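Working notes, structure below.
The values are calculated or read from the model by the stated rules, or taken from the named source; none is laboratory data. Computed from a predicted structure; not experimentally measured. Because the Cβ atoms are built from the backbone with ideal geometry, glycine has one as well, and the counts that use them run over all protein chains shown. Accessible surface areas use protein heavy atoms only, side chains included; no ligands, DNA or RNA. Shrake-Rupley method; radii C 1.70, N 1.55, O 1.52, S 1.80 Å.
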Amino acid sequence: MPEPLRVTALVSGRGSNMAAIARAGLAGAIGARITAVVSDKPGAPALGLARELGIEATTLEPAKDSGRRAYGEDLLRVVDAGRPGLVVLAGFMRILDPVFTAHYAGRLLNIHPSLLPRHPGLHTHRRVLEAGEAVHGCTVHFVTEELDAGPRIVQARVPVLAGDDETALSARVQRWEHIIYPEAVGWFAEGRVAMRDGIAWLDGRRLDEPVLRGET
Ligand code: GAR
């Protein structure tokens, strides 16, 4: 058996996606292990959750009045020290400097709570409800310099139901996040998914559209 892929997770909040990937690794369902967690927020619940799972967790807050470049360089040093083969953004609510995205190009994934390219950015559940859309979901994609615009790997679709509020809708989306994010990390660990020339490939096939999962 090859050594599992070392994965560092960057988090800012609850950490449920980090935990879903970590548990899939610990269960042997994927050939990857989260070996380090880095938060930009000292109070993030994800830090405690990581430690409960036996993962080294550290906080790196941006220095006061420092810019995005300085934080990107500091983060690069901290993440590099963990020698990851893959970095996953798991609710990391900070725009990464190009110095970081360029260094980890092709080894950097994100989960976003919408059916990209629809609704990049924040407050996706609210925006879907306000627009009266019938379908919503989440996307795992490679991270490039442009926010939420890197090549998509897998998407899960869920229905928007009558009476949904942001809480109900985000819970339905998150159930699928916890399925498709470990799945995509598992593909990466097996060398099945890669980014080349700004395009995502799965099993040697160009992914012009992401793999589709979900309930609709
Ligand atoms: C997830 O729903 C993820 O899609 C979203 O933050 C949440 C983090 O939850 N990410 C973004 O909005 C990124 N722009 P978690 O901390 O429980 O994994």
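Of all the residues in the stretch 184-202, those that are surrounded by 10 or more Cβ atoms within 10 Å (Cβ to Cβ) and acidic (Asp, Glu) number 1.
Within the stretch 162-177, the set of residues being in contact with a Leu (Cβ under 8 Å, 6 or more places away or on another chain) and of a type in the set (A, V, I, L, M) comprises Ala168, Leu169.
Reported count of residues in the stretch 122-147, each being touching a residue at least 24 places away in the same chain (Cβ under 8 Å), in contact with a Ser or Thr (Cβ under 9 Å, 6 or more places away or on another chain) and open to solvent by less than 60 Å² (accessible area, probe 1.4 Å), is 9.
The single condition from (1) farther than 18 Å from His112 by Cα; (2) without any contact (Cβ under 8 Å) to a residue 40 or more places away in the chain; (3) not in a loop (DSSP other than H, G, I, E, B) that Gly191 fails is (3).
Number of residues in the stretch 80-94 that are open to solvent by 30 Å² or more (accessible area, probe 1.4 Å) and more than 15 Å from the chain's Cα centre (by Cα): the value is 3. For the stretch 42-64, the criterion of being within 11 Å of the ligand (Cβ to nearest atom), closer than 25 Å to Ala200 by Cα and either open to solvent by less than 20 Å² (accessible area, probe 1.4 Å) or under 13 Å from the mean Cα position of the chain (by Cα) (or both) is met by none of the residues. Given the condition modelled with pLDDT of 95 or more, in contact with a Ser or Thr (Cβ under 7 Å, 6 or more places away or on another chain), within 30 Å of Val135 (Cα to Cα) and open to solvent by 20 Å² or more (accessible area, probe 1.4 Å), answer yes or no: does some residue in the stretch 101-114 qualify? Yes, some residue in the stretch 101-114 is modelled with pLDDT of 95 or more, in contact with a Ser or Thr (Cβ under 7 Å, 6 or more places away or on another chain), within 30 Å of Val135 (Cα to Cα) and open to solvent by 20 Å² or more (accessible area, probe 1.4 Å).
Working only within the stretch 11-41, note down all residues that are open to solvent by 70 Å² or more (accessible area, probe 1.4 Å) and within 14 Å of the ligand (Cβ to nearest atom). Steps first, please.
To start, the set of residues in the stretch 11-41 that are open to solvent by 70 Å² or more (accessible area, probe 1.4 Å) comprises 14, 23, 26-27, 29, 33, 41.
Within the stretch 11-41, Arg14, Arg23, Lys41 meet the criteria.
Taking the stretch 70-79, which residues are crowded, with 20+ Cβ neighbours inside 10 Å and small (Gly, Ala, Ser)? Quick ask: steps written out before the conclusion?
Step one: of the stretch 70-79, the residues crowded, with 20+ Cβ neighbours inside 10 Å are 71-72, 75, 79.
Result: Gly72, single match.
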